[in-house]
1. Can you report the number of residues in segment 389-425 which are within 22 Å of the chain's Cα centre (by Cα) and modelled with pLDDT under 95?
2. Kindly establish whether THR410 is in contact (Cβ under 8 Å) with a residue 40 or more places away in the chain, surrounded by 15 or more Cβ atoms within 10 Å (Cβ to Cβ), touching a Phe, Trp or Tyr at 6+ places or on another chain (Cβ under 8 Å) and among the β-branched types (Val, Ile, Thr).
3. Applying the selection to segment 360-371, what residues are assigned to a loop (DSSP other than H, G, I, E, B) and either in contact with a Lys or Arg (Cβ under 8 Å, 6 or more places away or on another chain) or more than 16 Å from SER305 (Cβ to Cβ) (or both)?
4. VAL499 fails exactly one of the following numbered conditions: (1) in contact (Cβ under 8 Å) with a residue 24 or more places away in the chain; (2) in contact with a helix residue (DSSP H, G or I) (Cβ under 6 Å, 6 or more places away or on another chain); (3) within 30 Å of ALA204 (Cβ to Cβ). What is the number of that condition?
5. Suppose the filter is within 23 Å of LYS496 (Cβ to Cβ) and either in contact with a Pro (Cβ under 9 Å, 6 or more places away or on another chain) or surrounded by fewer than 19 Cβ atoms within 10 Å (Cβ to Cβ) (or both); does SER91 pass it?
6. What pairs come out if I take residues in segment 92-114 that are in the same structural domain as ALA62 (by TED's automatic domain parsing) and under 11 Å from PRO168 (Cβ atoms) and pair them with residues that are surrounded by fewer than 24 Cβ atoms within 10 Å (Cβ to Cβ) and among the β-branched types (Val, Ile, Thr) whose C-beta lies under 8 Å away, six or more apart or interchain?
7. Please tell me if GLY30 is under 26 Å from the mean Cα position of the chain (by Cα) and at positive phi.
Amino acid sequence: MTRTQEYTDYLAALQPVAARYATRPAISDGDLTVTFGELWSMVEQRAERLRSAGLRRGDRVALVAENSAHYLASALAVWRAGGVLVTVYPSAGASDLQYSVELGDPALILTDGRVDLSVLDAQGPTVPTASIVDFDVPPVRRDAEAAPASVADKLAMICFSSGTTSRPKAIMVTPHTIHNCAETYAEVWRLGPADVTAVSLPMAWMYGLVSTSLATLLRGGTVVVLRRARPELIAEAVITHGVTFLPGVTTMFVKLVAYMASDPDRLWFPTLRLCISGGEPRNETVFERWRAATGCAVLDAYCASECLPLVTYDPLRDPVPVPGSAGRLVPRSLLRVVDAEGRDVAPGEVGEALSSGPGVMLGYWRDEEQTRAALTEDGWFRTKDLVRVDEDGYVHVVGRLSDLIIRGGTNISPAEVERVLREHPGIGDVAVVGLPDAVYGQEVVAAIVPGPGGTVDDAELASFARERLAPYKVPTSFVTIDALPVSETTGKVSRKDVVASLLAGRAHQP
């Protein structure tokens with residue numbers, strides 16, 4: 001495969017799809033409907049404008065915008081022109097926004113006018129900017145630093161981690177990874193031209209851009225664009241467009257279940273055939289309520305932007321998920337489960353998940369130290385997730401190494417405690433974290449969101465937990481809050497914000 005063929009393989013796959021379904025809707029964005037034929041024309045025209053502005057193969061283009069039809073067309077156009085797409089979360093705070101753009105060091109910024117880029121004027125080089133709506137592209141910047149020779153011929157995209165515990169990491173992705181990700185999910189999820197996918201996930205995230213949007217387009221399906229993951233907007237889109245595929249994070253489904261409680265006797269969303277949750281631990285209690293209200297189970301997907309795809313469900317093979325499991329290993333990806341010394345554990349035992357295959361990143365942009373820490377010498381990505389694989393091949397995510405609570409020298413997985421507490425009928429949602437303890441190092445604290453109309457009693461919750469958990473895993477305190485804080489970028493629960501809120505609350509106690 002030549003350099004040019006490799007760089008555009010997923011676009012080469014999209015072109016015949018666009019020709020075959022030229023008059024069918026590819027993207028629905030509010031009042032705007034873009035057919036496949038129109039989408040391909042937009043991509044070609046925009047790619048030519050980029051080239052005319054001086055964009056050369058390998059030049060980086062930052063895309064800082066909310067979800068839209070123009071977002072998708074612009075992303076595809078950057079790739080069509082041979083550029084490297086740098087996706088930046090539009091909802092990032094000023095500090096992370098400045099950090100991401102400066103680290104990406106782009107030749108051009110594409111934006112939608114909704115994002116305040118004034119922070120970028122404070123320091124650093126002046127980068128020309130263009131609107132993704134009219135796409136009037138000025139001459140691109142020529143003094144951006146070239147990519148290192150070791151990755152220059154392989155780089156197609158730089159995307160950022162959600163930064164829930166530290167600065168976002170800049171993940172380098174190859175064109176082969178992009179194509180394999182979209183094709184594998186389309187294959188395993190059995191996407192086709194009859195599918196209508198509602199994408200409220202940020203398109204700055206691989207989950208929103210590649211795993212769902214591009215996967216749907218490559219099979220001739222329609223992408224319904226949503227700029228926010230608000231339950232009323234999602235519900236309206238599913239009903240109006242006859243959505244068949246709804247991807248999201250667990251928190252999205254929690255909010256939707258609460259929204260649907262206003263009409264408990266209704267069969268909601270009968271057009272749905274596939275619901276996928278990824279990026280957060282499963283909430284089996286809420287997912288069962290969702291299945292009862294819609295008739296459609298919530299299946300799972302487990303991976304990281306550094307190694308995707310990895311684990312998910314085939315809705316025909318497994319129409320009902322195994323409780324607590326993220327699914328099975330997808331084709332072409334590899335998974336090892338190892339102990340602290342890097343040795344493979346016995347089947348069924350818990351260890352850290354390592355991933356290899358076409359979905360593994362090249363490394364972190366301009367961060368060799370983090371890259372060496374994340375990748376083994378033979379190219380396996382260290383997920384820092386604790387998993388076990390049962391005898392039938394189902395992968396169970398136990399928790400993250402970084403989230404482990406160490407109390408009196410004993411490791412406690414917050415995810416395990418959360419799964420137990422979510423079984424309590426009075427709990428709507430919960431996050432378990434470790435807070436400083438002068439005697440035991442850390443104490444186990446549960447931040448509780450009561451269920452609809454529910455109240456929770458600390459003593460009763462403790463008794464409930466003791467019946468189901470080892471004594472050292474039972475939370476030492478329960479704190480009732482109105483809602484769990486979520487990341488502004490991905491909508492996932494932010495554990496660092498839970499910890500900060502609980503510590504602030506303690507500081508104000510008499």
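1. 15
2. Details: in contact (Cβ under 8 Å) with a residue 40 or more places away in the chain: yes; surrounded by 15 or more Cβ atoms within 10 Å (Cβ to Cβ): no; touching a Phe, Trp or Tyr at 6+ places or on another chain (Cβ under 8 Å): yes; among the β-branched types (Val, Ile, Thr): yes.
For THR410, the condition - in contact (Cβ under 8 Å) with a residue 40 or more places away in the chain, surrounded by 15 or more Cβ atoms within 10 Å (Cβ to Cβ), touching a Phe, Trp or Tyr at 6+ places or on another chain (Cβ under 8 Å) and among the β-branched types (Val, Ile, Thr) - is not met.
3. LEU362, ARG366, ASP367
4. So VAL499 meets the others, but not (2).
5. In short, yes.
6. Pairs found: ALA92/THR489; LEU97/VAL115; LEU97/VAL119.
7. For GLY30, the condition - under 26 Å from the mean Cα position of the chain (by Cα) and at positive phi - is met.
Condition check ((1) hydrophobic (A, V, I, L, M, F, W, C); (2) without any contact (Cβ under 8 Å) to a residue 60 or more places away in the chain) across all residues:
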site	(1), (2)
HIS179	no, no
VAL188	yes, no
TRP205	yes, no
GLY208	no, no
LEU217	yes, no
ALA237	yes, yes
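The values are calculated or read from the model by the stated rules, or taken from the named source; none is laboratory data. Just so it is clear, the model here is predicted, and its values are computed rather than measured. Virtual Cβ from ideal backbone geometry, glycine too; neighbours counted across all protein chains shown.
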